[in-house]
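The values are calculated or read from the model by the stated rules, or taken from the named source; none is laboratory data. Quick caveat: nothing in here was measured; it's all calculated off a predicted structure. Here the Cβ positions follow ideal geometry from the backbone for every residue, glycine too, while neighbour counts run over all protein chains shown. The accessibility values were calculated without ligands, DNA or RNA, using every heavy atom of the protein model including side chains. Shrake-Rupley method; radii C 1.70, N 1.55, O 1.52, S 1.80 Å.
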Amino acid sequence: MKKAPVMGNITEKEITNYIEKNIESFHQRRLESLSKLKLKVVLKRKNPYLYKAKNITTAGELVKGLLDAHLSSQEEGIFGDFLEGLAVFINGKIYGGHKSSSEGIDLEFEKDSIVYIVSIKSGPNWGNSGQIKKMIDNFKKAKQRRRSYASKTNIIAVNGCCYGKLKKEDKGEYLKKCGQSFWSFISGKEGLYTEIIEPLGHKAKEKNEEFLVEYAKVANKFTKQFMDEFCSTDGSRIMWDKIVKLNSGITSFKNCNKNA
């Protein structure tokens, strides 16, 4: 008869040490994302019609809007990777969980004779219908793979979201657990979702000041470049047609480099 996994333990100090050590990578990747950015790359990725409709008339205002929109989406992804790592670390200490080798499965562990396969996302509103369908397909494949060598295993698929809340968790083919429900599920600790917030501020002020220095450099450089290339000679207007051609024109698409 197979023995049930022995439940481990994790201290608040261990969680704090992990966060303080690994939050550095978030700040570093955030800074690198900014320093490597190219103006034309951002212009090609963002919707020029939206900015025109908002009646943006100055180069500085447009550049700030482009930068902030780009950085917001980038930071969400980078921080999501950090939180996923934290969840796997905590679960590994308590339930012996680990990163799965199955596509799209971020965590696999056993609790109360049930094997859980978990796809971790930042928040509840993370994907469209196609992305959700892909997740469900990944769950099905992971279950088939597991049952190929353990046919009687009870397997439950879970979409875990690091923040947010839901009234109904049962989605039919999988469970969706958000916020407190998710952190409690992977740790057995009801209050974990609040315990992890304070250590996240480790060196935050220092790191943010460093980031703002780089942000100012990039914003000033982009504003000058934008005025040189996408404003009238006298600086009185933004040449929106030129931006739209760069963003959406067939010729510019054919000529864009592989990194754009």
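Structural remarks
- Each residue of segment 171-186 was assigned a 3J(HN,Hα) from its phi angle through the Karplus expression (A = 6.51, B = -1.76, C = 1.60, θ = phi - 60°), giving 9, x, 8, 7, 9, 10, 10, 10, x, 4, 4, 5, 5, 5, 4, 7 Hz with x at Gly and Pro.
- For T57 and Q225, a Förster radius of 22 Å and the Cβ-Cβ distance give a FRET efficiency of 0.75, rounded to the nearest 0.05.
- What a 1.4 Å probe finds exposed on the chain is 52% carbon and sulfur by accessible area, rounded to a whole percent.
- Karplus-derived 3J(HN,Hα), 6.51/-1.76/1.60, for each residue of segment 20-28, Hz, glycine and proline x: 5, 6, 8, 5, 4, 5, 4, 5, 5
- Per-residue Karplus couplings for segment 189-199, computed as 6.51 cos²θ - 1.76 cosθ + 1.60 with θ equal to phi - 60°, are listed in order as 10, 4, x, 4, 4, 9, 5, 7, 6, 5, x Hz, Gly and Pro entered as x.
- By average C-beta atoms within 10 angstrom, highest first, the peptides 129-136, 24-31: 24-31, 129-136
- Where labels lie 7 Å past Cα in the beta-carbon direction, separation of D137 and D68 in nm: 3.8
- Cβ-Cβ FRET estimate between K203 and R145, R0 fixed at 30 Å, reported to 0.05: 0.15
- Treating r as the C-beta distance of K152 and E103 and R0 as 25 Å, the FRET efficiency rounds to 0.60.
- For the pair S248 and E76, the difference between a 0.36 nm per residue extended length and the Cα-Cα distance amounts to 59.3 nm.
- Taken over the alpha carbons of the chain as equal point scatterers, the Debye sum produces base-10 log I(q)/I(0) values at 0.14 Å⁻¹ of -1.02.
- Think of a 1.4 Å ball rolled over the protein heavy atoms: segment 31-173 then has 53 Å² of accessible area per residue.
- On full extension, the segment bounded by E12 and K189 gains 62.6 nm, given 0.36 nm per residue less the C-alpha separation.
- In the chain, Cα pairs under 8 Å separated by at least six residues give a relative contact order of 23 percent.
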